[in-house]
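Down below is the structure, laid out as structure tokens.
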Protein chains: 2
Amino acid sequence: MPASTQPDVMDKLVSLCKRRGFIFQSSEIYGGTGSVWDYGPLGVELKKNLKDQWWKAMVRMRDDVEGLDAAILMHPKTWEASGHVAGFTDPLVDCKVCKGRFRADKLEDARCPQKPSKRPGEAEQCQLTEPRLFNLMFKTFMGPLEESASTVYLRPETAQGIFVNFLNVQQSTRQKVPFGIAQIGKAFRNEITPGNFIFRTREFEQMEMQFFVEPGKDMEWFEYWKAERLAWHKSLGLAADRLNYHQHAGTELAHYARAAFDIEFDFGGTLGFQEIEGIHNRGDFDLGRHQEYSGKKLEYFDQPNNKRYLPYVIETSVGADRTTLAALVNGYREEVVEGEEEGRTVLGLHPSLAPIKAAVFALTKKEGMPDMAHKIADGLRQYFPVDYDETGSIGKRYRRQDEVGTPFCITVDTESVKDGTVTVRDRDTLKQDRISADAVREYLTERLPG
Amino acid sequence: MPASTQPDVMDKLVSLCKRRGFIFQSSEIYGGTGSVWDYGPLGVELKKNLKDQWWKAMVRMRDDVEGLDAAILMHPKTWEASGHVAGFTDPLVDCKVCKGRFRADKLEDARCPQKPSKRPGEAEQCQLTEPRLFNLMFKTFMGPLEESASTVYLRPETAQGIFVNFLNVQQSTRQKVPFGIAQIGKAFRNEITPGNFIFRTREFEQMEMQFFVEPGKDMEWFEYWKAERLAWHKSLGLAADRLNYHQHAGTELAHYARAAFDIEFDFGGTLGFQEIEGIHNRGDFDLGRHQEYSGKKLEYFDQPNNKRYLPYVIETSVGADRTTLAALVNGYREEVVEGEEEGRTVLGLHPSLAPIKAAVFALTKKEGMPDMAHKIADGLRQYFPVDYDETGSIGKRYRRQDEVGTPFCITVDTESVKDGTVTVRDRDTLKQDRISADAVREYLTERLPG
């Protein structure tokens, strides 16, 4: 993968996210939960916007993809069929001296807690055990007894909920192959080395689509989705030079995959290019395994051609949290402002992702300005998420909105109460238009994509 | 609670929901997962619409409520503070002979498996053990070791994620008491006797809002939210005579509650009136306990009056799944159609909840009708979820849409290709308007609430 040419803004972003209510450490008052995060008032809107954009592009705008929301708790046989019970493991080693625990396949990245200049395998006081396999699925017990018979798992991916419902969806919607099933939902992995803020977390959200095709037509659909998905990330403002395809070759390919590409985003600094989405040709591995383990026929009947087959699957799998992080990293910039001593921090989020679409200010608390500004804000709120602010200098208020990515600021000033006009300021160009207060809704509608 | 006057439509609804893709049994090909359900293509849209309506009314349209999305996995101390570790239990008894397990406090509802005419306590072959307490929280282990030190719980309610973030949200948004925090998310309870379709499930979704107020002003806000929340259910079309307040009095009141009302909906048949939302005055119980257990001050500083206090909390807590079920039950009706032999089944969903807003039909596959119909459907898809259908008789197509609650059907017929008009049929009145194809979008926009 190419080296990053972008600066490392992660620490600044973590601090901004907490201060402005995008993302908080989970259960912070109790010292936090390991690598789990809570989305605050602005973060929940940002992530919801991202998910809604994906849903719109993948489900609502298409005739050939159906939505689904399968449960997190599935029948445990699902995970035998999928291979997760046997194979979803990391090899771990313990140090008998320092009690540290490390991934055997990532020892070169690990540091001995007692001698951080050395890797655990190099440090003379570290006596490593033989590697043993550790399953990454969280398990729990359903029903009153804690015993193996009642063990269920928190799903480590949403995909299996789609595979087991393949025929339910196909038959209830009367879809014909090729068609897809899309789903947004939480998944859980008991990672040993999570980290990098919301990039790798133990509880996370996926946006997955499985597209079912006739065998032999799979590579053509694979190429279609590869292009389609990259275009989607660009349409939401991720910079073209921060996006990259990474092809899985040889031993990198998962056992079920006939072909696989990652879409990578350059997070900057040492994190650099990392996967935000995977596009996989899974062949008939999944439907075949579920057919075998359930004893239920999962074949599709192609009526016009009078043939039965197990469809191949092209999967597109996005990490909702890491793509939210990509949008934040991509948008973060610090600018010098001409004629001003202090610079400004801007979150250049795409307007469709911005948590607040417009902020409404009264220049001062006098001369009926707050009344007029409130009226404008209340009128817009029906159509857009808006913010009302009347505290602090107008410059401070602009900065506060820039920093959370609000595309437009509407100010009611002395002229406004006289002639019914307001100024609308653009976050990126800093250009101000003076327009009639009655025209604000139309002005925003034209400039904010749905 | 009043006796139900409504028919029992549950069995018909379960069948319709599977057949048309609203709700499937989870992991059905493996025999199902106990009381867990998957939402199919139409169900996911219905439930998403319901959640979006709640979010709009509770967060986006209000200046005084902020959104949040806290994680499912929280620090385990949370559940000691909340009282769930010690007290979130059901008393269970086992029968040593038949191995049945029953809730000790619900023995009168239970039946001996070997002698169903008798309660377990009455059946001579049932030898019941002493009741023992069984905690309803699902537990799992975070990190590589399965031991008590790494035990975490799947949250049994979303509320605690709001309480532990009270100061994070207040400080990042600069809100002043009174204000609220709202959240939609999954919760999990290892119920012994779940059931009634999606009414009581082990994995479910809540829509909760905690409104923080000054002590002494709590009952006035309690009354405000009680009225506000009932009005919301009515605004989504739930029939006034199927809605009811139920006041918790005396021993029914939870230990933390100063006052509590349920909003009940009449599900018909033997299920009858059941809680779909709870409105609770929780006093300062929650913030007080978290302050005590975390050692962190959670007081609010009221600057203008220069005083510090722990706010009281008014909670509104909706079950998203059971309210989805209420919308389905409320809308289900079978009608005789004048002049036709077969009747029709209608899902009279409120237009804002309907999964498909409009269906577009080509009367026949000839004379350019499909082309014109496709063009109309594609033009509308940008704004509304629409369905395109060209198979079967037009009467059958209308019935298919009636049964899933589609408010409008647009038909392209022989006249359409000549003069550019189409018919728009109303689901409920069956009235048809002939309008210009170019005016369809505006026609729908006027009749479909945002």
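Filter region B:154-175 for residues that are in contact (Cβ under 8 Å) with a residue 40 or more places away in the chain and outside any helix (DSSP H, G or I) and give the result. Talk me through it step by step, then tell me what you get.
Initially, region B:154-175 is screened for residues in contact (Cβ under 8 Å) with a residue 40 or more places away in the chain, giving B:154-167, B:169-170, B:173, B:175.
Correct list: B:Leu154, B:Arg155, B:Pro156, B:Glu157, B:Thr158, B:Asn165, B:Gln175.
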Taking region B:243-284 and keeping only residues that are among the hydrophobic types (A, V, I, L, M, F, W, C), modelled with pLDDT of 95 or more and over 23 Å from B:Gly180 (Cα atoms), one is left with B:Leu243, B:Phe265, B:Phe267, B:Phe273
Can you name every residue in region B:142-180 that is at the interface with another protein chain (Cβ under 8 Å from one of its Cβ atoms), of a type in the set (Val, Ile, Thr) and either out of contact with any Ser or Thr (no Cβ under 7 Å at 6 or more places or on another chain) or at positive phi (or both)? B:Val169, B:Thr173
Given (1) within 14 Å of another protein chain (Cβ to nearest Cβ); (2) within 30 Å of B:Asp11 (Cα to Cα); (3) at pLDDT below 95, B:Lys357 misses just (3)
So is B:Ala86 farther than 30 Å from A:Val386 by Cα, touching a helix residue (DSSP H, G or I) at 6+ places or on another chain (Cβ under 9 Å), more than 7 Å from every other protein chain (Cβ to nearest Cβ) and buried (at least 22 other Cβ atoms within 10 Å of the Cβ) or not? no
Residue tally, condition more than 7 Å from chain B (Cβ to nearest Cβ) and either hydroxyl-bearing (Ser, Thr, Tyr) or touching a His at 6+ places or on another chain (Cβ under 7 Å) (or both), over region A:1-30: 4
So, in region B:89-139, how many residues would count as being part of a loop (DSSP other than H, G, I, E, B), within 14 Å of chain A (Cβ to nearest Cβ) and either surrounded by fewer than 16 Cβ atoms within 10 Å (Cβ to Cβ) or at pLDDT 85 or above (or both)? 6
Is it true that some residue in region A:428-448 is buried (at least 16 other Cβ atoms within 10 Å of the Cβ), at pLDDT below 95 and closer than 30 Å to A:Ser235 by Cα? yes
Selection count where residues are in a loop (DSSP other than H, G, I, E, B) and either hydrophobic (A, V, I, L, M, F, W, C) or out of contact with any Asp or Glu (no Cβ under 6 Å at 6 or more places or on another chain) (or both), scope region B:244-271: 11
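Which ones in region A:406-427 are buried (at least 16 other Cβ atoms within 10 Å of the Cβ) and either among the aliphatic types (A, V, I, L, M) or out of contact with any helix residue (DSSP H, G or I) (no Cβ under 9 Å at 6 or more places or on another chain) (or both)?
Selection gives A:Ile410, A:Val412, A:Val417, A:Val422, A:Val424.
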For region B:302-346, what are the residues that are out of contact with any Gly (no Cβ under 9 Å at 6 or more places or on another chain), among the hydroxyl-bearing types (Ser, Thr, Tyr) and farther than 22 Å from B:Trp55 by Cα? B:Tyr309, B:Thr345
Only one residue in B:Asp241, B:Asp286 is more than 30 Å from B:Trp79 (Cα to Cα) and not in a strand (DSSP E or B). Which one? B:Asp241
Restricting the search to region A:293-306, which residues are among the charged types (D, E, K, R) and either closer than 11 Å to A:Thr78 by Cα or more than 35 Å from the chain's Cα centre (by Cα) (or both)? A:Asp302
Could you run through region B:228-238 and say how many residues are in a helix (DSSP H, G or I) and either of a type in the set (Asp, Glu) or on the phi > 0 side of the Ramachandran plot (or both)? 1
Within region A:10-58, count every residue that is of a type in the set (S, T, N, Q), within 20 Å of B:Gln171 (Cα to Cα) and not in a helix (DSSP H, G or I). 3
If B:Tyr398 meets every condition in (1) within 25 Å of A:Gln175 (Cα to Cα); (2) in contact with a helix residue (DSSP H, G or I) (Cβ under 9 Å, 6 or more places away or on another chain); (3) among the hydroxyl-bearing types (Ser, Thr, Tyr); (4) surrounded by 13 or more Cβ atoms within 10 Å (Cβ to Cβ) apart from one, which number is that one? (2)
Return the residues of region A:69-83 that are assigned to a loop (DSSP other than H, G, I, E, B) and either within 7 Å of chain B (Cβ to nearest Cβ) or touching a Cys at 6+ places or on another chain (Cβ under 7 Å) (or both); say none if nothing qualifies. A:Ala70, A:Ala71, A:Ile72, A:Met74, A:His75
Subset of region A:33-68 that is at the interface with another protein chain (Cβ under 7 Å from one of its Cβ atoms) and surrounded by fewer than 22 Cβ atoms within 10 Å (Cβ to Cβ) - its residue that is farthest from B:Gln25 (Cα to Cα): A:Gly34
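The values are calculated or read from the model by the stated rules, or taken from the named source; none is laboratory data. These figures come from a predicted structure and were not determined experimentally. Every residue, glycine among them, receives a Cβ derived from its backbone with ideal geometry; neighbour counts consider all protein chains shown.
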